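Notes follow once the structure below has been shown.
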Amino acid sequence: MGVKAYGQEDPNLQEVVVSAPELAKRVAELGAEIADDYIGRDPLLVAVLKGAFPFMADLARAIDLPVEVDFMAVASYGSATKTSGVVRLVKDLDLDISGRHVLVVEDIVDSGLTLSFLRRNLLAREPASLEICALLIKEGLQKTQLDIRYTGFVIPPDFVVGYGLDVNQRYRNLPVVCTYVGPS
Ligand code: IMP
């Protein structure tokens, strides 16, 4: 028995970790909190591709302020389910972020190495402010001091897919976050 995906039980998907209604509720709460905090200084949302694309789309619409959006992509070497910690920039931002109030929209923080790379990279461009909004944080695994301003859910340290997260590019369009126990 697995979680239902694409019309049938998928034995590689073990358990729903965050349901669609839980995602919708939390994203709405985060949007309201961000809108309150950023009144008078419209944020530039920077999403990290590809995993953050559904979160970015939902969060941007939950923030009742004029926001701008931009995207960057990073890759970390490693296998499908284990990151190596060596991160490189694959797609840079289109916009100049100097003097802007930047809010990084991340799908999931595991070791935190991707985030510390991003923070260093973005701070060097001298934004007016830089904060992080991460939908999912895996408990107990962060290797660096992370300083994440907005968090969706703290989840157990299992490999998960859905709502943007993939294994070998699959499952990104599942409407839930669930544990993946198949081959990597
Ligand atoms: P970190 O650098 O170890 O924090 O890893 C962050 C990146 O690894 C995320 O942005 C994801 O792309 C990927 N990642 C980490 N954990 C998972 C997971 O459980 N499922 C899918 N991707 C993950």
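Working only within region 146-161, note down all residues that are free of Cβ contacts under 8 Å to residues at least 60 places away in the same chain and of a type outside the set (A, V, I, L, M). Talk me through it step by step, then tell me what you get.
Pass one, region 146-161, residues free of Cβ contacts under 8 Å to residues at least 60 places away in the same chain: 146-149, 151, 154, 157.
Across region 146-161, the qualifying residues are Asp147, Arg149, Thr151, Pro157.
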For region 101-126, pairs from a residue that is of a type in the set (Lys, Arg) to a residue that is more than 8 Å from the ligand (Cβ to nearest atom) and modelled with pLDDT of 90 or more, with Cβ under 8 Å and 6 or more apart or across chains, are Arg119/Val104; Arg119/Leu130; Arg119/Ile132; Arg125/Asp96; Arg125/Ile97; Arg125/Ser98
Of those in region 170-184 that are within 11 Å of the ligand (Cβ to nearest atom) and of a type in the set (S, T, N, Q), the residue modelled with the lowest pLDDT is Ser184
- Task: Answer yes or no: is there a residue in region 87-106 that is of a type in the set (S, T, N, Q) and within 13 Å of the ligand (Cβ to nearest atom).
- Result: no
Only unsatisfied item for Glu33, checking (1) more than 13 Å from the chain's Cα centre (by Cα); (2) modelled with pLDDT under 95; (3) surrounded by 14 or more Cβ atoms within 10 Å (Cβ to Cβ), is (2)
| Do the conditions hold for Val177, that is, is it within 19 Å of Val3 (Cβ to Cβ) and either touching a residue at least 24 places away in the same chain (Cβ under 8 Å) or in contact with a helix residue (DSSP H, G or I) (Cβ under 7 Å, 6 or more places away or on another chain) (or both)? | yes
Residue within region 6-14 that is assigned to a helix (DSSP H, G or I), touching a Cys at 6+ places or on another chain (Cβ under 7 Å), of a type outside the set (Lys, Arg) and modelled with pLDDT of 95 or more present:
no
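Residue-wise test of (1) closer than 19 Å to Ala57 by Cα; (2) aliphatic (A, V, I, L, M); (3) within 9 Å of the ligand (Cβ to nearest atom).
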{"site": "Gly112", "(1), (2), (3)": "no, no, yes"}
{"site": "Leu135", "(1), (2), (3)": "yes, yes, no"}
{"site": "Asp147", "(1), (2), (3)": "no, no, no"}
{"site": "Phe159", "(1), (2), (3)": "no, no, yes"}
{"site": "Asn168", "(1), (2), (3)": "no, no, no"}
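Just to check your reading of the model, which residue among Ala47, Ala20, Ala75 is in contact (Cβ under 8 Å) with a residue 12 or more places away in the chain, out of contact with any strand residue (DSSP E or B) (no Cβ under 9 Å at 6 or more places or on another chain) and not acidic (Asp, Glu)? Talk me through it step by step, then tell me what you get.
On the way: Ala47 fails: out of contact with any strand residue (DSSP E or B) (no Cβ under 9 Å at 6 or more places or on another chain); Ala75 fails: out of contact with any strand residue (DSSP E or B) (no Cβ under 9 Å at 6 or more places or on another chain).
Selected residue: Ala20, the only one of Ala47, Ala20, Ala75 that is in contact (Cβ under 8 Å) with a residue 12 or more places away in the chain, out of contact with any strand residue (DSSP E or B) (no Cβ under 9 Å at 6 or more places or on another chain) and not acidic (Asp, Glu).
The values are calculated or read from the model by the stated rules, or taken from the named source; none is laboratory data. Quick caveat, the model's predicted, so the values are computed rather than measured. Virtual Cβ from ideal backbone geometry, glycine too; neighbours counted across all protein chains shown.
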